[in-house]
Structures are given as structure tokens and as C-alpha cells.
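See below for the structure under consideration.
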Amino acid sequence: MYDTVARIDSPTAANGEFPFQPEAVLPVQFHHARRGTASVEGIKSLMCAILIDAVRCFQTNLEARQPARQQQFREAHFWIFSDVGYGPFCFKEVCSALELDPHSVRRWLLCWQRRKRAGEKPPTIRRSSIGISRFFTITGQRIAK
């Protein structure tokens, strides 16, 4: 009877095969390196949405005349250009999480503002129907680290 039973501490049975063959492999077993990324992806998507909203508020309300829109511009301007912010959703932390250089984003916005005030029609952030990751689509240009 000992010949037909595999030893538990033996990696292979007497016939050379592994004694406990699984019937199926679960996705969590196969994709073990991806554990925990779902929550990170959600936070990065939120950070991306926050940054896009701030840039769009900056761009669309630059020359606003209504007090509410002027307030939106001031808030976006303060969030983007202030180094006072703390916490995971301050401008620098959001840029860092999205692998963007905050100084490059600020420089691009200041250049955009100068061009807009000079009468040009500079490219603006537009809504995208697909998910945006690691860059912003700016009418044919990309801002990335």
C-alpha cells in the first residue's frame, strides 16, 4: 500500500508526477504581481481627473467676467502655482503620482496664458472619451515626465 500513496513531503510521486495537480488556476494565482494595483489605479484616476479639472478651469476661466468663474480661476491658479499645499492631493503630489514634472506643467500653463493673452489660439485640454494615463492629450501634444 505504501507504493500507491505519495509522501506529503516529496515534491514528486513514485511515478515522477506531482501528486496534487490543480484542476484550475485562479486569476489571483496567475497574476500575483498585480495584487493591490486596482486600488492604486483608482486613486491615480482620481488624481488625473483632479489635475485635468484644475487645468481646464484655469484655461476656460482665464478671462472670465462672472464672479463665480473668476473664483474658479483663482482657485485653480492657487492650487497649481502654490507650494503651500500638503497632503496626497496637493499639486506636487498629484504630479508625482502621475509621473509628471510639476515645473513643466506650470511652465506650459504660463506659456499658454501668454499666448492666449497675445491673441493667439493656443491648444487647450479637451475631454477624452478614453482613459488618460501618464499624459494629457493637448490637441496633438503630450505633457509627460
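The values are calculated or read from the model by the stated rules, or taken from the named source; none is laboratory data. Since the structure is predicted, the reported quantities are computational estimates derived from the model, not experimental observations. Every residue, glycine among them, receives a Cβ derived from its backbone with ideal geometry; neighbour counts consider all protein chains shown.
Some observations on this one:
- Condition check for PRO22: part of a loop (DSSP other than H, G, I, E, B), in contact with a helix residue (DSSP H, G or I) (Cβ under 9 Å, 6 or more places away or on another chain) and modelled with pLDDT under 60: yes
- Close pairs from segment 82-100: first free of Cβ contacts under 8 Å to residues at least 12 places away in the same chain, partner part of a helix (DSSP H, G or I) and acidic (Asp, Glu), Cβ under 8 Å, at least 6 apart: GLY85/GLU93; GLY87/GLU93
- Complete set of residues in segment 67-90 that are of a type in the set (Ser, Thr, Tyr) and either more than 17 Å from LEU110 (Cα to Cα) or out of contact with any Phe, Trp or Tyr (no Cβ under 9 Å at 6 or more places or on another chain) (or both): TYR86
This table checks each residue for (1) of a type in the set (Ser, Thr, Tyr); (2) surrounded by fewer than 10 Cβ atoms within 10 Å (Cβ to Cβ); (3) modelled with pLDDT of 95 or more.
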position: GLU63; (1), (2), (3): no, no, no
position: GLN66; (1), (2), (3): no, yes, yes
position: HIS77; (1), (2), (3): no, no, yes
position: GLY87; (1), (2), (3): no, yes, no
position: ALA118; (1), (2), (3): no, yes, no
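- Of all residues making up segment 47-86, the number that are of a type in the set (A, V, I, L, M, F, W, C) and assigned to a loop (DSSP other than H, G, I, E, B): 3
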